Amino acid sequence: MEAKGSSRVQLDFEDMLPKMAEKLGGDGLIRELCNGFQLLMDKDKGVITLESLKRNSAMLGLQDMRDDELVSMMREGDSDGDGALNQMEFCVLMFRLSPDLMEASQLWLEQELCN
Ligand SMILES: [Ca+2]
């Protein structure tokens, strides 16, 4: 198991995602996550970088997050290790931050990863 350096982030999302899922359904939740990705990404590169995350996180109510929390969030989500989050990595990360949703989310992601 990896060290959990992002417990506060985790708590926020654990709380938020299930409520969103309930309200929006799987399809709607994924659409919301994709909107979040669009908001956070670096428009030129088409991926989320640490810089774009810092610049845009306030839009998602994450303005209170410290740099090291953002860094660990990036690191946790960056499964191919290129230092940025693509859309797939971002959606997977959001679901991973909310363990209860993992099972259902696997299905949703397979069905339609926002394309
Ligand atoms: Ca990556």
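Each peptide in 20-28, 78-86 was scored by the mean count of other Cβ atoms within 10 Å over its residues; highest first, the order is 78-86, 20-28. Remark: the residue 58-residue 82 segment gains 6.2 nm on full extension, using 0.36 nm per residue and subtracting the alpha carbon distance.
How far apart, in nm, are the 7 Å Cα→Cβ label points at residue 16 and residue 67? Result: 2.2 nm between the two label points.
The Cα-based radius of gyration and maximum Cα-Cα distance (Dmax) for the range 7-101 are 12.4, 34 Å. When only Cα pairs below 8 angstrom with a gap of at least 6 residues are kept, the range 7-101 shows a relative contact order of 37 percent.
Read-outs throughout are calculated quantities, based only on the coordinates presented, and are distinct from any laboratory measurement. Source: prediction; values computed, not measured. Don't worry about glycine lacking a Cβ; one is built from the backbone with ideal geometry, like all the others, and counts go over all protein chains shown.
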